[in-house]
1. What number of residues within the range 236-266 satisfy the criterion of being surrounded by 14 or more Cβ atoms within 10 Å (Cβ to Cβ), among the aliphatic types (A, V, I, L, M) and in a helix (DSSP H, G or I)?
2. Give the residue, chosen from Glu216, Glu167, Glu225, that is surrounded by fewer than 21 Cβ atoms within 10 Å (Cβ to Cβ), modelled with pLDDT of 95 or more and closer than 30 Å to Leu24 by Cα.
3. List the residue pairs whose Cβ atoms are under 7 Å apart, where the first residue sits in the range 44-63 and is of a type in the set (D, E, K, R), the second is more than 8 Å from the ligand (Cβ to nearest atom) and in a loop (DSSP other than H, G, I, E, B), and the two are 6 or more positions apart or on different chains.
4. Tell me, which residue of the range 181-197 that is over 16 Å from Asp250 (Cβ atoms) and out of contact with any helix residue (DSSP H, G or I) (no Cβ under 6 Å at 6 or more places or on another chain) is farthest from the ligand (Cβ to nearest atom)?
5. Can you report the number of residues in the range 61-95 which are assigned to a helix (DSSP H, G or I), within 13 Å of the ligand (Cβ to nearest atom) and among the small types (Gly, Ala, Ser)?
6. Quick one: Trp128 ticks every box in (1) touching a residue at least 60 places away in the same chain (Cβ under 8 Å); (2) under 17 Å from the mean Cα position of the chain (by Cα) bar one, so which box is it?
7. Which residue is nearest to the ligand (Cβ to nearest atom), if the candidates are limited to the range 200-213 and must be loosely packed, with under 13 Cβ neighbours inside 10 Å and not small (Gly, Ala, Ser)?
8. Right, Thr41: of a type in the set (Val, Ile, Thr), within 14 Å of the ligand (Cβ to nearest atom), under 21 Å from Val118 (Cα atoms) and without any contact (Cβ under 8 Å) to a residue 60 or more places away in the chain or not?
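The values are calculated or read from the model by the stated rules, or taken from the named source; none is laboratory data. All figures in this text were calculated on a predicted structure; none of them were measured in a lab. Note that we place each Cβ from the backbone using ideal geometry, even for glycine, and neighbour counts take in every protein chain shown.
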Amino acid sequence: MALKGKRIIVTGSASGIGEATCALLRERGATVVGFDRTERTDNVDEYHRIELTDFGAGNASIKAAVEAFEGPADGLCNIAGLPPRGEDAALVLTVNFFALRRFTEMIVPKLADGASIVNMASLAGFGWQPNIGVVKKCLSLDDDADREAFCTEHDVGFPRSYFFSKECLITWTKANAMRWHDRGIRLNSVSPGPVDSPIIDDFVAAFGEKAKTDIERVGRPGHPEEIAPAVAFLLDDESGWINGTNIAVDGGMEAIIFDDIHQFSN
Ligand SMILES: NC(=O)c1ccc[n+]([C@@H]2O[C@H](COP(=O)([O-])OP(=O)(O)OC[C@H]3O[C@@H](n4cnc5c(N)ncnc54)[C@H](O)[C@@H]3O)[C@@H](O)[C@H]2O)c1
């Protein structure tokens, strides 16, 4: 019961990785507060509706959800996210990065000192280092910036915007690791490879043969229940000295890409 007595916020609590995380956190003794656009109350101790596409112009839904929540909480898991679906590149970037950042910044005052924040990134964000120039420009945009114009200017179309949103998230997590250090609040990210959740078909459709080959190379996709333990570990006090890190949970896919780039095995 390593998380006994802790109260943890989980966005994306209704499905997939968020759902598996809620189950594990409760199993380990935590009380879970779910935030999702889909109303689901059976797997959490408290539920708040949030619509992360409702962003900008006052951030009405995010603001209402934060106001409805009575703190404190000992942890925040930002798991809600859009897959590479449809053609709206800016919307994917908005939900997966800008709205997550806004929600986090608004809810931090309701976190307890010593809280842990875990952001669900992705193997798709692996390229944050070579793309750091554009990523930094994106991080410097405020909430009112014209994100469509930014995407057009920097050639962040579909499905690239999914990758780019996760590059921004990994970078933002590292860049902000010390931001709330005076309160003992730390930030880390977790990067799964393809996971057998309801959105896996979107990845395969968007990335085609490449997605299938990547999965074949490690033998199978991951399961949501295999991602949740990394999140739980980062919430636990035993990981208290880990801050600003991105943990890959992908059966070795990141290592394979690393090898493809640097050709160690040839
Ligand atoms: N499935 C994968 O292969 C995979 C791989 C790497 C990273 N991820 C990331 O993991 C996270 C969870 O994905 P999943 O696979 O569990 O998907 P999922 O679709 O099963 O779950 C996503 C959850 O987020 C909620 N959500 C989505 N958009 C929202 C919005 N605009 N406002 C509020 N809630 C919203 C959904 O209602 C859902 O409950 C995402 O951030 C995704 O990018 C997934």
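1. Of the residues in that region, 3 qualify.
2. Working: Glu216 fails: modelled with pLDDT of 95 or more; Glu167 fails: surrounded by fewer than 21 Cβ atoms within 10 Å (Cβ to Cβ).
Exactly one residue qualifies, and that residue is Glu225.
3. These pairs meet every condition: Arg49/Glu39.
4. Asp182
5. The number of residues fulfilling the criteria is 3.
6. (1)
7. Let us first name the residues in the range 200-213 that are loosely packed, with under 13 Cβ neighbours inside 10 Å, namely 201, 208-210, 213.
Filter again for not small (Gly, Ala, Ser), leaving 201, 209-210, 213.
Numbers: Asp201: 10, Glu209: 16, Lys210: 14, Thr213: 15 Å.
Checking each candidate, the answer is Asp201.
8. Details: of a type in the set (Val, Ile, Thr): yes; within 14 Å of the ligand (Cβ to nearest atom): yes; under 21 Å from Val118 (Cα atoms): no; without any contact (Cβ under 8 Å) to a residue 60 or more places away in the chain: yes.
No: the conditions fail for Thr41.
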